[in-house]
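The structure's right below; bear with me while I get my questions together.
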Amino acid sequence: MKRVFGAKKNKEPPPTIQDATDRINKRGETVDEKIKNLDAELARYKEQIKKTRPGPAQEAVKARAMRVLKQKRMYEGQRDMIYNQTFNLDQVAFATEGIKDAQQTMSALKSANKDLKGMMKTVNISGIDNLQDEMMDMMDMSIEIQESLGRSYNVPDDIDEDELLGELDALEADMGAETESDAIPSYLQPDKESNLDAELNLPAAPTGNSAAVPNRVRPQTEDELGLPTVPQTSIRS
């Protein structure tokens, strides 16, 4: 059968945008190289025209230069076309990449949406509200327990606040009086000495010159060694 109808040839895959861009860039490099060579040839012809005198020789050089210039203009036109094709391919490649990015974004969003729906099925809003209410009730109970444990057992409940305020005022008055008496409490102040003479009604001691008292014994003095000193009158006699 293959001999009669022939074998089916495998079709080559169509070129991609990158393949077409690479091929056109190679063509552009080739054209740029040709234009560069033509510029060098034109420069050589210009030097020859400057050196030759007007006449048939100069005209022949000018004709060659004109032919090279025409070729250069033709290659420049081809280069412009190649640049335009490259620009178009770049625009198409950019649009293609944008579409691919959009497709990946849509696929990621669909997958995330599916996962989110599955997770939302496991979450119950009413259960969250009930949990919050239970937590608030437990917090209130905890506060009540702490207040109950913090009460003092020795403080009676029937204390008159007015009586406490009166005692506080009296205490402040005592503290003010103690501050006026040099800030020393009354129970720390020394007792005043009693005047025993006034209490016993004794007569006052006589006052006067000591020379008027006869036969008064003068006190005996001592020297630096602790011995009694000798009077000066006895030494002179």
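With every protein chain kept in place and ligands, DNA and RNA left out, what is the accessible area per residue of the stretch 57-139? Probe 1.4 Å, answer in Å².
83 Å²
Now for a separate question. May I have the convex hull volume per residue, in Å³, for the Cα set of the stretch 1-154?
Here the figure is 348 Å³ per residue.
Right, here's the next one. Let's test the formula: R0 of 25 Å, r as the Cβ-Cβ distance of Asn25 and Asp101. What FRET efficiency results, to the nearest 0.05?
0.50
Which percent of the accessible heavy-atom area of the stretch 1-114 goes to carbon and sulfur, probe 1.4 angstrom?
56 percent
Roughly how big is the stretch 53-150's charge dipole about its Cα centre, with Cβ charges of +1 (Lys, Arg) and -1 (Asp, Glu), in debye to the nearest 20?
2580 debye
Take each of the peptides 53-62, 16-25, average the number of other beta-carbon atoms within 10 Å over its residues, and list them starting from the highest.
Per-residue mean Cβ counts within 10 Å order the peptides as 16-25, 53-62.
The values are calculated or read from the model by the stated rules, or taken from the named source; none is laboratory data. Computed from a prediction, not measured in an experiment: that's the story for all the values here. No Cβ is skipped: glycine too gets one built from the backbone with ideal geometry, and neighbour counts run over all protein chains shown. Quick note on the areas: whole protein, heavy atoms, side chains included, nothing else; ligands and nucleic acids left out. Shrake-Rupley method; radii C 1.70, N 1.55, O 1.52, S 1.80 Å.
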